[in-house]
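Taking it in order: structure first as structure tokens, then the write-up.
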Amino acid sequence: MSVLVFVEGYNGEVKKSSLEAASYGSQVAKALGTDAKAVAIGEVKEEALAALGAQGISKVLYDHDDRLHNFVAEAYLKVIAQAAAQESAKVIVFSNTNVGAALGSRLAVRLNGSLATNVTQLPEISGDSFTVTRGVFSGKAFAQVKLTSDVKLIAVKKNTIEILNDAGTTAAVEPFSTGLSDADFAAAPKETVLQETDGVLLQEAEIVVSGGRGLKGPENWHLVEDLAKALGAATACSKPVSDQDWRPHSEHVGQTGITISPNLYIAIGISGAIQHLAGVNSSKVIVVINKDPEAPFFKAADYGIVGDAFEVVPKLIEAAKALDR
Amino acid sequence: MKILVCISNVPDTTSKINFTSDNAAFDKNGVQFVINPWDEYALTRAIELKEEKGGSVSVLNVGEADTEQNIRKALAIGADDAIRVNAHPKDAFFVAQQIAHVAKEGAYDIILMGKESIDYNGFQVHGMVGELLGIPAITPAFKLDMLDDTTARLEKEIEGGKEIVEVKLPFVASAQQPMCEPRIPNMRGIMTARTKPLNVVEPVSTETKTEYTSYSKPEKKGGVRMVDAANAGELITLLRNEAKVL
């Protein structure tokens, strides 16, 4: 028996969300008295995989078949299922990303396992009982869920699990080959288009600066962008802003947009409708800047400034630039 | 082309979320239920495809009788007929089994649903249905067009970008914005919805894989600390020294 973590790469490095999944997996393994292994697919640097030792991973199975550079569900599924079989994995951990969701749901059926997504805490294990806590009602509540099958699959919510850092420990990286056939690549994407992100993915960012209608137009977005740059943050926006095409839909955070849980969320000119809060309410610290003192967002905020964004934000940019980082 | 749209019955987005006194279940008292907002994208896009290419749109809900109000709403928006699987949706696997069974019996070409429901935020039923039927599940998709009678072209979101996928019928896809502008029912739709078929079927027998034991709410925040706008730079100092997030 073992715990298997599926690790995703981005630009050759292991994604931060996968470091969290690895930290989760190794702690579950410890509680079960076993080892945590990982499986990595596609283009990830071997040094980055070996460094997963710091998160408690003992061994990484690495399949770098050229055809796996882009995500192809069926091929990825076969690799993970085979790794799970080889390592007799009873618990499979991954991150609650779009890729994780696409794979985890199919894998749960294929392995006849119990799946919990959006998991926010380490499990409670006692005897045969295995209970996880997951976010429900769009961040407004948590549920305790018992996973009743023999095989358990857990998708960890981003930025909720602390990354272990046992420096100096390395994982053994073993080549892993699955003998995939062309048929496994039949549904390969025709094209993959990556946005320019300055290297900070919105879903993974620790700091997010977000703008709403209070900014009056796309021509004023330099305020959001400059503050984000000074803080090393990603940028986001509210639904009305993306509906009016001031910003792309991929930046929309909220109930029907992206859900984020950064350490710091700075909302500029966003009133804080309940639908917006649903996408950001698990942020650790929320800052609201709005000229309307009655804006509902202040009720959910940790810090607030009542004032005109055009006067306040330049001061913040100046102060942020002066920080010794 | 036969399209099956799966809709979930969820608390209105502005609902206050409360649980029963033993924290064992969601408290439905005073809560208004709506069609899951993500599913509205799936429904409207399905109706648009029918208008462009012909075919039919059926709506499927796994739920008890109190969901019929929202099923009628989906019919009023433009679906042709509806099926309700008469069961409490116990968990994602249970629901996926019911959907897969209906989809197979009805030989549907496209099975659409929202990316996730706003109550249980599972983000998993689409993949499970795809696996149960042995067909691709494209998720989460924000663009869906038919290239010809048998091939669809979808754009789906990946972290940091998008993928363009071409897939043969049949397939499953989950929808998110900006796939379309969700429609609301008009008066004519509401009138015709009354006479459209809504078939109630009993669930197929299946196991569940998870068991919800209790619920809790996040701790309340300690209140907001205000910083004077004239001295806005102080916020950055507080975020570093007090909140320790910079």
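What is the angle, in °, between the Cα long axis of helix A:16-32 and the longest principal axis of the Cα atoms in chain A? Nearest 10 is fine, range 0 to 90. Once rounded, one gets 50 degrees.
Would you work out the relative contact order for chain B, in percent, from Cα pairs under 8 angstrom that are 6 or more residues apart?
On the way: 471 pairs, mean separation 58.9, N = 246.
The value is 24 percent.
In terms of overall dimensions, segment B:91-203 has a Cα radius of gyration and Dmax of 15.4, 46 angstrom. Partner shielding of A:126-135 amounts to 2, given as the average count of beta-carbon atoms from other chains within 10 Å of each residue beta-carbon.
Look at the stretch B:215-224: the mean tally of other chain Cβ atoms within 10 Å of its residues' Cβ atoms is 5. Summarise the long-distance tail of P(r) for segment A:1-155 by giving the % of C-alpha pairs beyond 22 Å. Of all Cα-Cα pairs in segment A:1-155, 34 percent lie more than 22 Å apart.
Expressed per residue, the C-alpha convex hull volume of segment A:208-278 stands at 73 Å³. Rounded to two decimals, what is Rg over Rh for the protein assembly as shown when you use alpha-carbon atoms and the Kirkwood radius? On the Cα set of the protein assembly as shown, Rg over Rh gives 0.96. Taking all protein chains together, A:D302, A:D35, A:D128, A:D182 sort by accessible area into A:D128, A:D182, A:D35, A:D302, largest first [probe 1.4 Å]. Shielding value for A:307-313 is 2, the average number of Cβ atoms from other chains within 10 Å of each residue's Cβ.
Distance from the Cα centroid of segment A:155-211 to that of segment B:162-202 is 32 Å (rounded to whole angstrom). Entry comment: accessible area of the protein assembly as shown is 40 Å² per residue, from protein heavy atoms only and a probe of 1.4 Å. Take the Cα of B:E68, step 7 Å toward its Cβ, do the same at A:L323, and the gap between the two points is 5.7 nm.
Would you mind classifying segment A:202-321 by shape? Square roots of the alpha carbon gyration tensor eigenvalues, ordered a ≥ b ≥ c; an a/c under 1.5 is rounded, otherwise it is prolate if a/b is larger than b/c and oblate if not. List each step's numbers first, then the result.
Numbers: a/c = 1.16, a/b = 1.13, b/c = 1.03.
Note, shape of segment A:202-321 comes out rounded.
Heavy atoms of chains B and A lose about 6800 Å² of accessible surface on contact, summed over both sides with a 1.4 Å probe.
For helix B:92-106, what angle does its Cα long axis make with the longest principal axis of chain B, in degrees from 0 to 90 and rounded to 10? Tilt relative to chain B: about 20 degrees.
Take the Cα of A:T170, step 7 Å toward its Cβ, do the same at A:A183, and the gap between the two points is 4.1 nm.
Tally up the carbon and sulfur contribution to the accessible surface of the protein assembly as shown as a whole percent, 1.4 Å probe, everything protein left in place.
About 48 percent, which is the carbon plus sulfur part of the accessible surface.
Applying 1/(1 + (r/R0)^6) with R0 = 60 Å to the Cβ-Cβ distance of A:S126 and B:D228, what FRET efficiency is obtained, to the nearest 0.05? That gives a FRET efficiency of 0.70. Once you have the Kirkwood Rh of segment B:2-218 from its Cα pairs, apply Stokes-Einstein at 10 °C and 1.306 mPa s and quote D in µm²/s. It diffuses with D of about 90 µm²/s by this estimate. Within segment B:1-68, the proportion of Cα pairs with more than 14 Å between them is 65 percent.
Among A:41-52, A:255-266, the peptide with the highest mean count of other Cβ atoms within 10 Å heads the list, and the full ranking is A:255-266, A:41-52.
Placing R0 at 25 angstrom, the Cβ-Cβ distance between B:K168 and B:E51 gives a FRET efficiency of 0.65 after rounding to 0.05. Geometric descriptor of chain A, per residue, is 138 Å³ (volume of the convex hull of the Cα atoms).
Can you give me the orientation-averaged projected area of the convex hull built on the Cα atoms of segment A:128-259, in nm²? Please report the intermediate quantities before stating the final value.
Values: hull surface 56.0 nm².
In nm², the orientation-averaged hull projection of segment A:128-259 is 14.0.
About the Cα centre, and with charges only on the beta carbon of Lys, Arg (+1) and Asp, Glu (-1), how big is the dipole of segment A:1-153? Nearest 20 debye, please. Don't jump to the answer; show the numbers that get you there.
Values: 15 positive and 15 negative charges, 103 e Å.
My answer is approximately 500 debye.
For chain A, the longest principal axis of the Cα atoms and the long axis of helix A:222-231 meet at an angle of about 50 degrees.
The values are calculated or read from the model by the stated rules, or taken from the named source; none is laboratory data. In this text, all values refer to a predicted model and were calculated from it rather than measured experimentally. Please note: Cβ atoms are built from the backbone with ideal geometry, for glycine as well, and neighbour counts cover all protein chains shown. Note: accessible area is taken over every heavy atom of the protein model, side chains too, but ligands, DNA and RNA are not part of it. Shrake-Rupley method; radii C 1.70, N 1.55, O 1.52, S 1.80 Å.
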